[in-house]
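Have a look at the structure below, then the notes.
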Amino acid sequence: MGEDAQLVARIRGGELGAFEALYHKYKRSLYHTALAITGNAAAAEEALQDCFVRAYAAMERVDASQPLAPWLQRIIVNLSYNWIGRHQRWPLALDAFVDRLLTGPASCPEHYAEASELRSIVREAVATLNLKQRSVVVLFYFQGFTLAETAYILDCPIGTVKSRLHRASQALRCQLLEDRRLASELAYATL
Amino acid sequence: MSSLMQRFESGNDLDGLWSDDDELGRLVRWSLSTSIGDAEPSPEAWHTILERVREQPTSGRAQPDSRCFSAPLAALVQAAVVGCVLMTLGLGVRRDVIVARSSLAAAVAPSSESPPACEPLRAAIPDRYSLTGLDEEERPFRAGGNIREATLPS
């Protein structure tokens, strides 16, 4: 019996300690997904709370023989979609949030500035994607789910995931290549 | 950064889009990981979840939908109301005679045969306050499903 299955069995028996273990096992991954989709830390935390409350209520119905990660991701992606639908805020909040994260000390200021700029460029390019393409990019590239898992999480066929990835990839390439900051870097590199 | 972007710019990996070696994927993963990879939910999040979970009556069990209760409860209430109405009609109306509603409205006791105690009350109510303004002798009554003008049975 897998770790998730054991946790589910203990949770069904009313053991809240097992539920806490489940929370700590998946909280970061789920929080990152919600944060990457919504771009808002408060919304991500709210989605995380709702996600685990719903998961607890549905614990009797879940298939314990399967890993819980895709199922939990499916819940939090839907909750993030709901939040986006209510607020339509992207990506200003994420920018502010990431700016706070980037205030840590850097061993090499020049390298830090360069990496920070590239990070900003890519993040902005991801932000230009529509919600469906952004979700696919977050789940497949960022979270590392397989195509099948991504399809399950987004409740769509694998072919749809592939086409969304393809379009997202094309859009990202266009965005990045048209960015003047990267263009100057590329020109400098080819000299 | 430049070397990475040079490789990315070539676009030769379009066919290998879904491979782990995809440069674009690595670039996105690196960007998002370094941007939000250190982010964590606040410690209060778990306490909030715990409080909300403890409010649920059954631990770890699927909560019954409130709508599941509403339908049987509504049916039960409807059945009770219909039962009361039928019981009232059954007690108040003779089996073969249904008196006009206006005449029943004046009666206090649930019987087609008005008890003597009700007579003063009925006599005290002027005709203008009655529902039809007709004398009892003029009111129709139904016997056997047919409505015809007749006098009330004594």
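Meeting the requirement of 2 or more residues that are at pLDDT below 75, the helices (runs of 4 or more DSSP H) wholly within segment A:66-131 are A:92-101, A:109-127.
Pairs meeting the criteria (first residue in segment A:57-76 and more than 19 Å from A:ALA34 (Cβ to Cβ) and touching a residue at least 40 places away in the same chain (Cβ under 8 Å), second residue assigned to a helix (DSSP H, G or I) and small (Gly, Ala, Ser), beta carbons under 6 Å, at least 6 apart or on different chains) are A:ALA64/A:ALA5. Candidates in segment A:30-54 are the residues that are at pLDDT below 95 and of a type in the set (S, T, N, Q); of these, the one that is farthest from A:PHE142 (Cα to Cα) is A:ASN40. Taking the numbered list (1) in contact with a Lys or Arg (Cβ under 8 Å, 6 or more places away or on another chain); (2) more than 7 Å from chain B (Cβ to nearest Cβ); (3) farther than 23 Å from A:HIS87 by Cα in turn, A:THR38 passes all entries but (3). Kindly establish whether A:SER135 is in the same structural domain as A:SER169 (by TED's automatic domain parsing), part of a helix (DSSP H, G or I) and at pLDDT below 85. So A:SER135 does not fit the description; no. Report yes if some residue within segment A:34-47 is over 18 Å from A:LEU154 (Cα atoms), free of Cβ contacts under 8 Å to residues at least 40 places away in the same chain and among the polar types (S, T, N, Q); otherwise report no. Taking every residue of segment A:34-47 in turn, none turns out to be over 18 Å from A:LEU154 (Cα atoms), free of Cβ contacts under 8 Å to residues at least 40 places away in the same chain and among the polar types (S, T, N, Q).
When restricted to residues that are under 16 Å from A:PRO67 (Cα atoms), part of a helix (DSSP H, G or I) and polar (S, T, N, Q), segment A:138-165 contains 1. Residue check: A:ARG61 meets all listed conditions (1) surrounded by fewer than 18 Cβ atoms within 10 Å (Cβ to Cβ); (2) within 9 Å of another protein chain (Cβ to nearest Cβ); (3) in a helix (DSSP H, G or I); (4) not aromatic (Phe, Trp, Tyr) but one, namely (3).
The values are calculated or read from the model by the stated rules, or taken from the named source; none is laboratory data. Just so you know, these numbers come straight off a predicted model, no measurement behind them. Glycine gets a Cβ as well: all are built from the backbone with ideal geometry, and neighbour counts include every protein chain shown.
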